[in-house]
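To start, the structure itself, in structure tokens.
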Amino acid sequence: MELITKEQRKEFYHSVEWQRLRQQALLRDNYECQWCKSNGKVSEGVLEVDHIKDIEHYPESATDLANLRTLCKDCHNKRHNRMNYSSRKKHRKPPKWNDERWD
């Protein structure tokens, strides 16, 4: 059951209050993905701020700094079971060896 509507969430995420709170969470977490960090990895790419308790179900925790954590985009997508979380993990073919010499 959703306790706040999509429109209310959109308004919240575009508010000055959210931007300030988001910045506080990023600073507190040293601009590091907390999941990557706990796994001994260095986070790469876009950082996002995640509500540990989703605001759809816990709107009273929406502005609680203790309810926020920094996650990279891939981890945030994993957390919400989105299928596009493997964007930076695509396997690239190694470059082909070139025996050509340049004199």
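Take the Cα of residue 58, step 7 Å toward its Cβ, do the same at residue 80, and the gap between the two points is 1.7 nm. Positive contributions from Lys and Arg (+1) and negative ones from Asp and Glu (-1), summed over other residues with Cβ under 14 Å from the Cβ of residue 20, come out at 0.
Taking Lys and Arg as +1 and Asp and Glu as -1, the other residues whose beta-carbon sits under 11 Å from that of residue 47 total -3.
Every number here is computed from the coordinates shown, using simple stated rules; none is lab data. The structure displayed is predicted, hence computed values, not measured ones. With ideal geometry, Cβ positions are generated from the backbone for all residues, glycine too; neighbour counts draw on all protein chains shown.
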